[in-house]
Amino acid sequence: MGRKLLLEKAHVEGIRSFEVYRREGGYRSVEKALKTMSPEEIVEEVKKSGLRGRGGAGFPAGMKWSFIAKPEGVPRHLVCNADESEPGTFKDRYLMEFIPHLLIEGLIVSSFALGSNATYIYIRGEYAWIPDILEQAIAEAKANGFLGKNILGTGFDCEIYVQRGAGAYICGEETALIESLEGKRGNPRIKPPFPAIKGVWGRPTVVNNVETLASVVPIINEGGEEYAKIGVGKSTGTKLISACGNINKPGVFEIDMTISVEEFIYSDEYCGGIANGKRLKACIPGGSSVPILPANLLLKTAKGETRYMNYESLSDGGFATGSMMGSGGFIVLDEDQCVVRNTYSLARFYRHESCGQCSPCREGTGWMEKLLYRLEKGEGKSSDIDLLWDIQRKIEGNTICPLGDAAAWPVAAAIRHFRDEFEWHVSHAAEAQTRNFGLAHYADPIHVPA
Amino acid sequence: MSDTTLFKVTIDNISIDVPAGTTILNAARMIGGDVAPPAMCYYSKLEGSGGKCRTCLVEVSKGSEKDPRPMPKLVASCRTTVMDGMEVKNITSPKVVDARAGIVEFLLLNHPLDCPICDQAGECHLQDLSYEHGKEGTRYEFQRRTFKKHDLGKYIQLHMTRCILCYRCVFAADQLTGKREHGILDRGDHSEIATMIEKNLQSDFIGNVIDVCPVGALTDKTFRFKNRVWFLKPMNAHRDCPTCSGKVTLWNRGEEVFRVTARKDQWGEVEEWICNECRFEKKLSSDWTIEGPRLIDRHSVISQGHYAGTVGTNMPTETIEAVLHGRKPKLLMDIHEVSEVNRPKIELSKINGPAHSNNFNPDND
């Protein structure tokens, strides 16, 4: 049983209200940070904790904070990225919906550490009911003196504003988010300059994921070194995983990154095994953009070692035989799922969400979608598979923002690991419309039903 | 130049010292020739342009003298500034050549390739790019996206089907005119350049969006379908214009002025913006003081016969048979034998004054 730091109190009756949250020990970190620590000490503490960005890239949060430029007389901003739009990822929604004060608390401490007097929460447009919850929490915090002017008599002013997006995946990219926040079209900016130098309105800005900022609370409460003891290696602390797909218990789980993938899928504490007594075929372990892994590579690495739910283990073997932790959207596919159809569905998503600014992503995503549609419908040619491989190769790394990579990786991984299924869709075109390819050799070697 | 630091940068093994803050692309342009990466969206006169088309991607094999690590990905040379001791590979990098061929394919994916009826043909940057960096043939077997043509006022037509979304016109309309009413609607491969909403573009300088457009998406309605650009002779001319500098290029055939454009430098960029009156209204030779023939640089077919001293020496070395892999072409007529304008003996720039059909008359040889 792993420790819970974020969701421990999430199901206490009435935790959404300030009184209950405060009674359960909330806002202690604000008192501790603002009254006894300097901003530099907080950044140092976050660095010590080894906290990695929870939005997908896994960049050390303390490092990111220390990069922020501090020119004299220029305001700085903290932006909370709540534009959680990755298919399969819904951990931030859960956190904001059930325990909104935890995010607000983390935001106040982080704002103090970064010197942000105006902090923004940029929230996905589809989360229509959550801004109300957050605004309610902000109003309560303000009424109790934890926000607004002269917080707790320390002289630090901070306001938090909630900004709704209009429902674009691309606005989860930090520079596109900044553009959108400024009221412009959500196109990613060309970097450099990075947001830490020129972000919102040309001012130094840090953009962090909801979970990252919420994790600052236990780091301050318990100390960075204590936090770093949880987890393994460079994967410190706890991570929220949103599990979905063909499992018995879909939902958001807080794990401490020492459990194995096998335990996560099959134990009753977490996913509870594959639904309907089926067998595991494949899994996308970190949200739709990370490479898909067949069951045999998911549970064990290519070297035959057990794969664990942490940053290093999931990416063991690189993209050839590994995947990524990503944003923690754990999508499980059972034996009845068609990988070609699944890949088509993802390609369609990325085509729809490409901003259209740079040519490889704009044109390439549409091309991949059309080819995959054709393959899925049984009208494809075997040369289409090589063509898809070539297209993804030419998109990856050549675009302005990571959306191009995110569109290329799932296609690449599907072809890399499930090429025979693609070929079967070409050679058995009519059959592919009526039945699925099934498990073939992808079956996990461990859980063979009796 | 004592107050500016000079950075030494090596591009394709050619070194040059450039001021700090120069982009790789501009450093390469200072060297010139094949070292300069192609650019479809970058426009040095438009602030914020560049970075979008990805044709100028280069490989940085050494970051700088202090930090010699190579950059992990190909970088857009138009938006990456040089560092001291940086080593860049453009055409010497197989990675770049391969990526660029991919970009050209992507750009042509939804392009209608209607060059035979397109007014931009002959001076089209996309044509140049695909000749130089693309592959023959396409692997795309699906329907291309199409749009309706739109009139942006009485002088400009927008044909989005040809557009490669370089955003140059958006920057131009934004920066040259007072009000911003020109932008992008929608997103992804169905995004389109549009005005809010189908408004006419009204500004004295809005005609410049035609010049910045690298393809035939924005065309001059006073010139549409009037003539092919390679049949016209570019002449430098000027007039006393109250709104702009009045320095233009006239495109003549005989005494007739077919169109007026701004003067473009060797990278196809406008030297000085011109006003709508000069561009669209003054179509008589008597409106202008002609300075002399203008040499058109770069690769376009419009420069056929305009290169000084290249006529007769710069013939293609490949025969048609070589291009067709040994097959003999079935030609009913060899256009080069019949056509008067393609005879390489005549060098238009050597003719005193505008070219006239008399110049092409074989009796005058």
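Worth pointing out:
- Averaging the Cα positions of each part gives two centres, and for the range A:79-147 and the range B:248-277 these lie 56 Å apart.
- The phi-based Karplus calculation (6.51 cos²θ - 1.76 cosθ + 1.60; θ = phi - 60°) puts the 3J(HN,Hα) values of the range B:208-223 at 5, 5, 5, 5, 7, 5, x, 10, x, 6, 10, 10, 7, 5, 7, 10 Hz, whole numbers, x for Gly and Pro.
- Karplus-derived HN-Hα couplings along the range A:282-290 (A = 6.51, B = -1.76, C = 1.60, θ = phi - 60°), whole Hz, x at Gly and Pro: 7, 7, 9, x, x, x, 4, 7, 8
- Of the residues B:Lys226, B:Lys282, the one with the fewest other Cβ atoms within 10 Å heads the list, and the complete ranking is B:Lys226, B:Lys282.
- Sorting the segments A:163-171, B:205-213 by their mean number of nearby beta carbons within 10 angstrom, highest to lowest, gives B:205-213, A:163-171.
- Residue order, fewest to most surrounding Cβ atoms within 10 angstrom, among A:Ile68, A:Ile284, A:Ile121, B:Ile184: B:Ile184, A:Ile68, A:Ile121, A:Ile284
- Mean partner shielding of peptide A:349-359, defined as the number of other chain Cβ atoms within 10 Å of each residue Cβ, is 6.
- Isotropically averaged projected area of chain A, using the convex hull of Cα atoms (one quarter of hull area), nm²: 21.0 nm²
- Ignoring lysines fewer than eight residues from B:Lys282 along the same chain, the ones with Cα atoms less than 21 angstrom from its Cα are B:Lys154, B:Lys221, B:Lys226, B:Lys233, B:Lys247, B:Lys264.
- Computed E for A:Glu226/B:Asp151 - FRET, C-beta separation, R0 60 angstrom, nearest 0.05: 0.30
- Between the range A:302-371 and the range B:152-217, the Cα center-to-center distance that results, in Å: 36 Å
- Computed [θ] at 222 nm, helices only, for chain A once each DSSP H run of length n ≥ 4 contributes -39500 (n - 2.57): -12500 deg cm²/dmol
- Take each peptide in B:259-265, B:120-126, count the other Cβ atoms within 10 Å of every residue, and average; sorted highest first, the result is B:120-126, B:259-265.
- Summing +1 for each Lys or Arg and -1 for each Asp or Glu among the other residues whose beta-carbon sits under 13 angstrom from that of A:Ser354 gives -2.
- For the pair A:Arg416 and B:Ser286, a Förster radius of 60 Å applied to the C-beta separation gives a FRET efficiency near 0.30, rounded to the nearest 0.05.
- With neighbour counts taken as other beta-carbon atoms within 10 Å, the residues B:Cys166, B:Cys275, B:Cys53 rank, fewest first, as B:Cys275, B:Cys166, B:Cys53.
- Spin-label pair A:Gln136/B:Arg224, simplified geometry with 7 Å Cα→Cβ offset, distance in nm: 5.8 nm
- The range B:71-131 and the range A:46-73 have their alpha-carbon centroids 35 Å apart.
- Local net charge near A:Thr205, Cβ-Cβ under 14 Å (Lys/Arg +1, Asp/Glu -1): +3
- Convex hull volume per residue for the range B:6-100, taking Cα atoms only, in Å³: 88 Å³
- Under the span-like rule (Cα at least 18 Å along the axis, Kyte-Doolittle mean at least 0.5), DSSP H helices of chain A: A:100-114, A:210-222
- DSSP beta bridges confined to the range A:92-243 are antiparallel in about 35 percent of cases.
- Packing, as the average of other Cβ atoms within 10 Å across residues, places the peptides A:193-206, A:212-225, B:132-145 in the order A:212-225, A:193-206, B:132-145, highest first.
- For the pair B:Glu256 and A:Ser427, a Förster radius of 41 Å applied to the C-beta separation gives a FRET efficiency near 0.05, rounded to the nearest 0.05.
- Set of aspartates and glutamates with alpha-carbon distance to A:Lys47 below 17 Å, sequence-local pairs under 8 removed: A:Glu211, A:Glu222, A:Glu225, A:Glu226
- Per residue of A:27-37, other chain Cβ atoms within 10 Å of the residue Cβ number 0 on average.
- Long pairs among B:Lys149/B:Lys283; A:Lys198/B:Lys52; A:Lys70/A:Lys239; B:Lys45/B:Lys66, criterion Cα-Cα beyond 22 Å: B:Lys149/B:Lys283; A:Lys70/A:Lys239; B:Lys45/B:Lys66
- Zone residues, the range A:217-242, relative to A:Glu8, backbone N less than 17 Å from point 7 Å out along Cα-to-Cβ: A:217-231, A:237-240
Every read-out reported here was derived from the displayed coordinates using simple, explicitly stated rules and does not represent laboratory data. Just so you know, these numbers come straight off a predicted model, no measurement behind them. Using ideal geometry, Cβ is built from the backbone for each residue, glycine included, and neighbour counts are taken over all protein chains shown.
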